[in-house]
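Asks: The structure follows.
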Amino acid sequence: MITVSHLKKTFRRNKVEAVKDVSMEIRDGQIFALLGPNGAGKTTTMRMLSTLLLPTSGSICYDDVPLSEDTEAIRRRIAFLTNEIRLDGQFTPDELAEYYGRLYEMTPEKIAENKTKLFDYFGIAEFRNRRYETFSTGMKQKTSIAICLLHDPDTIIFDEPTNGLDILTQNLIEEYMLKLKEEGKCIILSTHILDLARRLSDRVGVIVDGKSVYVGEMAELASSQGVTTMEEAFLKLYKENHEEKAIVGKHKE
Amino acid sequence: MNNQPRHIRNAMRNEWKKTGKTPIQLVMMLLVPFLTTMVLFFGLSYMRGLGDHYSGVVYLPTEEEMNLSKEVLKERYPSFSFASGDEEKAQNSIRSGGEDVAIWITDTEIRVYYDSSILTSSLALKESSDIASELSFLLEDRATYDEFISFLPETMVHDLSTEEKKLDTNLNQICSTIGMVLFLSMCTNAMTLSTGSITGEKERQTFDTLVLCPAPLRKILIGKVLVMMFQVFLSGIMGTLGAICGLVFWDRTDLRMIAERVGSDPSWIFILLLLLATVSLLIAAVFSVIASAFPQAKKTSLFSSAGMILISVGAMVPTYVSGPVLKYIPVANWAPVVKAACKHQTELVPVLCALGMTACLFGASMILSAGLWERSHE
């Protein structure tokens, strides 16, 4: 379980307060969707959760262990995937798996076992000896997911993982997320596609202008706002909490 | 703790594999220093050959005087030709760059024209004053000239320079040339490699994946820098081999002289390898700090020029400063130690001191680089 309390992030270089106050609780065996308009602070929050960014204030605890206390141990348990993350283009999926598996201190047997399982699922097996740079966007994304999940993490953080992908690849990734959920993994999914969140997630968090304005069950989102659809609830939350003078959207993470 | 060296080894293996993926880059990296040093030495040989040859012309007012001068003096002064012409012709032959020196003679005066900005022109000047004196007597009449020649005492030229001095002068030239060219080619390689493997991780957006691994970033960085250092070291060896090949073309006397001094003692190879190792370590350290500090290859390349200047200044120091301490300082000790090794004065202590200093600097640079690499991410 991940507990986030009053998370805040200010980028010192351009003095932008990207995340002002985010609190949430993410449970194991569930998919938690983080919703918000563009520039609301979703990616910054995800990068803090994945240890890539240090929070300015507030805390993140993985099973009651603060992230700052043992970052290395937490990194062994998590995977972070965005469509911005790339792998070395000169290497083949096989070589990439071997390299990152070793960096995760996995045994050669474990690397081979997990690699076969993931490569078979994502249809990479027949391209395992082709260079990553020669792959299509979808194949690159599938390879990135396979490599990120190689060490069998407990917590998987997906930042808009299906952006720019065709319907077949999107479907494959969505099914894999559900499979991971069934295995009891904790999945955090950041997206601005409401339909994707509705189909996959159990709980939801809405961020507007760097503040978490709703955290709760996905099924209760609409009723909690006194509306009938999720879209209406989202728009209502946005209108009620959006600051006209906010500089959200101008910051560069 | 047991996993610590494994991360460095893993990063090194990955980096080396990457090099194997671009064999052309590796071949170029080794071939360029080899050819650069060799061609430079060959070019120097050619330039030096040019310096030994010059040409002059003597302009005389009449055909008759011209024929007489040619008949008597041509054999004694083979670099000079004789023609009939006026002062303007003499000046034009220098201005056009056709001749190194031109002499114009009338009944009352001898004028010598030359261009002080041309090295061979200055060299020709001494001989032109001799030919001018002889001409003045020859143009009086043949008898006066014969008397003048018989009266002149015989000139004997003695070179008082010793073999040791000649070797020292030539070694100075060789060492400073090797130093500058080799350091610059090694620095260029280090700059390319560090930009690609350290800054490149951020530019290719592969850095986040590395940060997310539990392996400490500083160990991945050390692995990368050690491979870079090894490649720079290899390019240094190729550059040195090129210099030795160039020396064969350049001046066989120098090579023979050096070989005689060194004899069959192979210790110079060991010293040379240690020197190259210290230089490679230092270069790798300097460039890894620069590459870690920037997220864009463009900025790294720009600031790497500063690193190149730093290393080059170190290599140039012995040319302008002399002192016993100099040979213990890395990079600056290159020329004095190579000179000593060529004269069969094995000096292992300065090399080991420099290696120790370099290792400390390397360690400090790795700490700084790791900090900078991680910091720019946060």
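Asks: I'm checking my understanding of the structure. Among residues of segment A:12-29 that are out of contact with any strand residue (DSSP E or B) (no Cβ under 6 Å at 6 or more places or on another chain) and of a type outside the set (D, E, K, R), which one is most open to solvent (accessible area, probe 1.4 Å)?
Replies: Among those residues, the one meeting the criterion is A:ASN14.
Asks: Look at B:ALA277 and say whether it is modelled with pLDDT of 90 or more and in a helix (DSSP H, G or I).
Replies: yes
Asks: Run down A:ALA112, A:ALA146 and say which single residue is touching a Phe, Trp or Tyr at 6+ places or on another chain (Cβ under 6 Å), away from every other protein chain (no Cβ under 12 Å) and closer than 26 Å to B:LYS17 by Cα.
Replies: A:ALA146
Asks: With the checklist (1) more than 14 Å from every other protein chain (Cβ to nearest Cβ); (2) surrounded by fewer than 20 Cβ atoms within 10 Å (Cβ to Cβ) in hand, flag the one item B:GLU203 doesn't pass.
Replies: (1)
Asks: Residues B:ALA90, B:ALA102: which one is open to solvent by less than 40 Å² (accessible area, probe 1.4 Å) and either part of a loop (DSSP other than H, G, I, E, B) or touching a helix residue (DSSP H, G or I) at 6+ places or on another chain (Cβ under 7 Å) (or both)?
Replies: Being open to solvent by less than 40 Å² (accessible area, probe 1.4 Å) and either part of a loop (DSSP other than H, G, I, E, B) or touching a helix residue (DSSP H, G or I) at 6+ places or on another chain (Cβ under 7 Å) (or both) holds for just one of B:ALA90, B:ALA102, which is B:ALA102.
Asks: Might you let me know whether segment A:67-80 holds any residue that is of a type outside the set (S, T, N, Q), touching a residue at least 24 places away in the same chain (Cβ under 8 Å), more than 8 Å from every other protein chain (Cβ to nearest Cβ) and open to solvent by 50 Å² or more (accessible area, probe 1.4 Å)?
Replies: Within segment A:67-80, one or more residues are of a type outside the set (S, T, N, Q), touching a residue at least 24 places away in the same chain (Cβ under 8 Å), more than 8 Å from every other protein chain (Cβ to nearest Cβ) and open to solvent by 50 Å² or more (accessible area, probe 1.4 Å).
Asks: Moving to a separate point now. For A:LYS252, only one of the following conditions fails: (1) of a type in the set (D, E, K, R); (2) modelled with pLDDT under 90; (3) within 18 Å of A:MET24 (Cα to Cα). What is its number?
Replies: Failed condition: (3).
Asks: Do we find that A:THR134 is open to solvent by 60 Å² or more (accessible area, probe 1.4 Å), modelled with pLDDT of 90 or more and within 14 Å of chain B (Cβ to nearest Cβ) in this structure?
Replies: yes
Asks: Still on this structure: Of all residues in segment A:81-90, count the ones that are more than 7 Å from chain B (Cβ to nearest Cβ) and either under 11 Å from A:ILE147 (Cβ atoms) or modelled with pLDDT of 90 or more (or both).
Replies: 1
Asks: A further question follows. In segment B:96-129, what residues are within 18 Å of B:TYR54 (Cβ to Cβ), in contact (Cβ under 8 Å) with a residue 12 or more places away in the chain and of a type in the set (D, E, K, R)?
Replies: Result: B:GLU99, B:ASP100, B:ASP115, B:GLU127.
The values are calculated or read from the model by the stated rules, or taken from the named source; none is laboratory data. Nothing here was measured: the structure is a model prediction, and the numbers come from that model. We place every Cβ from the backbone using ideal geometry, glycine too, and count neighbours over all the protein chains shown. SASA here: full protein model, heavy atoms, side chains in, ligands and nucleic acids out. Shrake-Rupley method; radii C 1.70, N 1.55, O 1.52, S 1.80 Å.
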